[in-house]
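Below is one structure, written out as C-alpha coordinates; comments come after it.
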Amino acid sequence: MALADYTASIDRLQRALGRVYADEPWLLNMPGRSMACKIDHYYYLAVMPGFVETLARLGGMFPKQVLEALVRTGNLITKAPERDPLLPLTVSWGARSVTLSGAFVDADFIDRAVKTYGGFGAILNVSDLKISAADRERIEALFEDKTPPQGLAYF
(Lines give C-alpha, C1' and ligand atoms only; values in the text may rest on other atoms or scores of the structure.)
Protein backbone atom coordinates (compact mmCIF):
# COMPACT_ATOMS: atom_id res chain seq x y z
CA MET A 1 0.00 0.00 0.00
CA ALA A 2 1.42 3.38 -0.97
CA LEU A 3 1.82 6.31 1.41
CA ALA A 4 -0.94 8.16 -0.46
CA ASP A 5 -3.31 5.33 0.47
CA TYR A 6 -2.52 5.82 4.15
CA THR A 7 -3.06 9.55 3.82
CA ALA A 8 -6.44 8.94 2.20
CA SER A 9 -7.33 6.46 4.96
CA ILE A 10 -6.38 8.96 7.69
CA ASP A 11 -8.43 11.68 6.02
CA ARG A 12 -11.39 9.31 5.74
CA LEU A 13 -11.12 8.36 9.43
CA GLN A 14 -10.81 11.99 10.54
CA ARG A 15 -13.83 13.03 8.48
CA ALA A 16 -15.93 10.20 9.90
CA LEU A 17 -14.80 10.85 13.49
CA GLY A 18 -15.46 14.58 13.22
CA ARG A 19 -18.95 14.12 11.78
CA VAL A 20 -19.95 11.55 14.40
CA TYR A 21 -18.39 13.50 17.28
CA ALA A 22 -20.63 16.46 16.41
CA ASP A 23 -23.65 14.23 17.20
CA GLU A 24 -22.07 11.98 19.85
CA PRO A 25 -19.62 14.06 21.93
CA TRP A 26 -19.37 11.29 24.54
CA LEU A 27 -17.07 9.42 22.10
CA LEU A 28 -14.14 11.56 23.28
CA ASN A 29 -12.84 13.00 26.54
CA MET A 30 -15.34 11.54 29.00
CA PRO A 31 -13.36 9.14 31.23
CA GLY A 32 -15.14 5.84 31.78
CA ARG A 33 -17.32 6.33 28.74
CA SER A 34 -15.18 7.49 25.80
CA MET A 35 -12.96 5.58 23.41
CA ALA A 36 -10.16 8.15 23.90
CA CYS A 37 -9.35 10.92 26.38
CA LYS A 38 -6.84 13.74 26.02
CA ILE A 39 -4.13 13.27 28.64
CA ASP A 40 -1.94 16.26 27.74
CA HIS A 41 -1.54 18.68 24.84
CA TYR A 42 0.24 16.08 22.69
CA TYR A 43 -1.63 12.80 23.22
CA TYR A 44 -4.91 11.04 23.73
CA LEU A 45 -5.05 7.73 25.55
CA ALA A 46 -7.21 5.35 23.51
CA VAL A 47 -8.98 2.35 25.02
CA MET A 48 -8.04 -0.64 22.91
CA PRO A 49 -9.26 -2.44 20.91
CA GLY A 50 -12.44 -0.33 21.15
CA PHE A 51 -10.82 2.77 19.66
CA VAL A 52 -9.70 1.00 16.49
CA GLU A 53 -12.95 -0.97 16.20
CA THR A 54 -15.05 2.18 16.54
CA LEU A 55 -12.95 4.10 14.01
CA ALA A 56 -13.21 1.16 11.62
CA ARG A 57 -16.99 1.12 11.91
CA LEU A 58 -17.25 4.89 11.49
CA GLY A 59 -14.88 4.97 8.51
CA GLY A 60 -16.19 1.88 6.76
CA MET A 61 -12.86 0.08 7.06
CA PHE A 62 -11.55 -3.11 8.65
CA PRO A 63 -9.89 -2.71 12.09
CA LYS A 64 -6.63 -4.11 10.70
CA GLN A 65 -6.61 -1.39 8.00
CA VAL A 66 -7.27 1.32 10.59
CA LEU A 67 -4.50 0.05 12.87
CA GLU A 68 -2.02 -0.15 10.00
CA ALA A 69 -2.87 3.35 8.74
CA LEU A 70 -2.53 4.86 12.24
CA VAL A 71 0.79 3.10 12.90
CA ARG A 72 2.31 3.80 9.45
CA THR A 73 1.46 7.50 9.64
CA GLY A 74 2.76 7.87 13.19
CA ASN A 75 -0.64 8.78 14.61
CA LEU A 76 -0.48 5.77 16.94
CA ILE A 77 2.69 5.72 19.03
CA THR A 78 4.79 2.57 18.66
CA LYS A 79 8.40 1.55 19.12
CA ALA A 80 10.50 -0.29 16.54
CA PRO A 81 10.91 -3.08 15.74
CA GLU A 82 7.74 -4.68 17.14
CA ARG A 83 5.42 -1.70 16.49
CA ASP A 84 2.96 -2.84 19.15
CA PRO A 85 1.03 0.19 20.44
CA LEU A 86 -0.69 -1.60 23.35
CA LEU A 87 0.21 -1.16 27.01
CA PRO A 88 -1.68 -2.33 30.09
CA LEU A 89 -2.19 0.85 32.12
CA THR A 90 -3.86 1.84 35.36
CA VAL A 91 -5.89 5.00 34.93
CA SER A 92 -7.95 7.11 37.28
CA TRP A 93 -10.58 9.84 37.16
CA GLY A 94 -12.32 11.14 40.20
CA ALA A 95 -12.16 8.31 42.76
CA ARG A 96 -12.19 5.47 40.20
CA SER A 97 -9.15 3.47 39.12
CA VAL A 98 -9.17 0.77 36.46
CA THR A 99 -6.61 -1.18 34.46
CA LEU A 100 -7.09 -1.19 30.71
CA SER A 101 -5.31 -1.91 27.46
CA GLY A 102 -4.35 1.49 26.08
CA ALA A 103 -2.54 3.11 23.19
CA PHE A 104 -1.33 6.65 22.66
CA VAL A 105 -2.76 8.65 19.76
CA ASP A 106 -1.17 11.83 18.48
CA ALA A 107 -3.50 14.63 19.62
CA ASP A 108 -3.33 16.30 16.22
CA PHE A 109 -5.15 13.35 14.62
CA ILE A 110 -8.19 13.67 16.91
CA ASP A 111 -8.05 17.46 17.33
CA ARG A 112 -8.05 17.97 13.56
CA ALA A 113 -11.02 15.61 13.20
CA VAL A 114 -13.01 17.49 15.84
CA LYS A 115 -12.08 21.00 14.71
CA THR A 116 -11.97 20.61 10.94
CA TYR A 117 -14.59 17.98 10.26
CA GLY A 118 -16.72 18.25 13.40
CA GLY A 119 -17.22 21.98 12.99
CA PHE A 120 -15.91 22.94 16.44
CA GLY A 121 -14.07 26.23 16.79
CA ALA A 122 -11.41 24.85 19.13
CA ILE A 123 -9.63 21.66 20.06
CA LEU A 124 -10.67 19.63 23.11
CA ASN A 125 -9.28 20.40 26.55
CA VAL A 126 -7.21 17.94 28.56
CA SER A 127 -9.58 15.47 30.27
CA ASP A 128 -9.71 14.40 33.93
CA LEU A 129 -8.21 11.01 33.04
CA LYS A 130 -4.80 10.40 34.62
CA ILE A 131 -2.35 7.49 34.31
CA SER A 132 -0.68 5.88 37.31
CA ALA A 133 2.84 7.21 37.89
CA ALA A 134 3.85 3.56 38.39
CA ASP A 135 3.35 3.09 34.60
CA ARG A 136 5.52 6.06 33.65
CA GLU A 137 8.76 4.12 33.12
CA ARG A 138 7.10 1.67 30.69
CA ILE A 139 5.40 4.55 28.88
CA GLU A 140 8.65 6.46 28.49
CA ALA A 141 10.30 3.30 27.11
CA LEU A 142 7.56 3.15 24.44
CA PHE A 143 8.23 6.81 23.62
CA GLU A 144 11.98 6.29 23.09
CA ASP A 145 13.21 9.11 20.78
CA LYS A 146 9.78 10.81 20.94
CA THR A 147 8.32 13.40 23.29
CA PRO A 148 6.63 11.43 26.11
CA PRO A 149 3.40 12.51 27.80
CA GLN A 150 3.82 15.48 30.12
CA GLY A 151 3.77 15.18 33.90
CA LEU A 152 0.15 16.34 34.06
CA ALA A 153 -0.87 13.02 32.47
CA TYR A 154 -0.04 11.13 35.69
CA PHE A 155 -1.45 10.73 39.19
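Applying 1/(1 + (r/R0)^6) with R0 = 30 Å to the Cβ-Cβ distance of Glu24 and Lys146 gives a FRET efficiency near 0.45. Taking a ≥ b ≥ c as the square roots of the eigenvalues of the alpha-carbon gyration tensor, the chain is classed oblate because a/c is 1.5 or more while a/b is no larger than b/c.
The fraction of accessible area contributed by carbon and sulfur in region 1-108 is 53 percent, rounded to a whole number (1.4 Å probe; ligands and nucleic acids excluded).
Averaged over its residues, region 1-96 has an accessible area of 51 Å² per residue, based on protein heavy atoms and a 1.4 Å probe. Under the convention that each Lys and Arg Cβ holds +1 and each Asp and Glu Cβ holds -1, the size of the dipole of the chain around its Cα centre is about 300 debye.
At the residue level, Glu144 shows approximately 100 square angstrom of accessible surface with a 1.4 angstrom probe and all protein chains present.
Each DSSP beta bridge with both residues in region 6-153 is either parallel or antiparallel, and the antiparallel ones are about 95%. Between Ser92 and Arg136, the modelled labels are 1.3 nm apart [label points 7 Å from Cα along Cα→Cβ].
Structural descriptor for the chain: relative contact order 29 percent, calculated from alpha carbon pairs under 8 angstrom and at least 6 residues apart.
The values are calculated or read from the model by the stated rules, or taken from the named source; none is laboratory data. In this text, all values refer to a predicted model and were calculated from it rather than measured experimentally. Because the Cβ atoms are built from the backbone with ideal geometry, glycine has one as well, and the counts that use them run over all protein chains shown. Please note that ligands, DNA and RNA were not included when accessible areas were found on the heavy atoms of the full protein model with its side chains. Shrake-Rupley method; radii C 1.70, N 1.55, O 1.52, S 1.80 Å.
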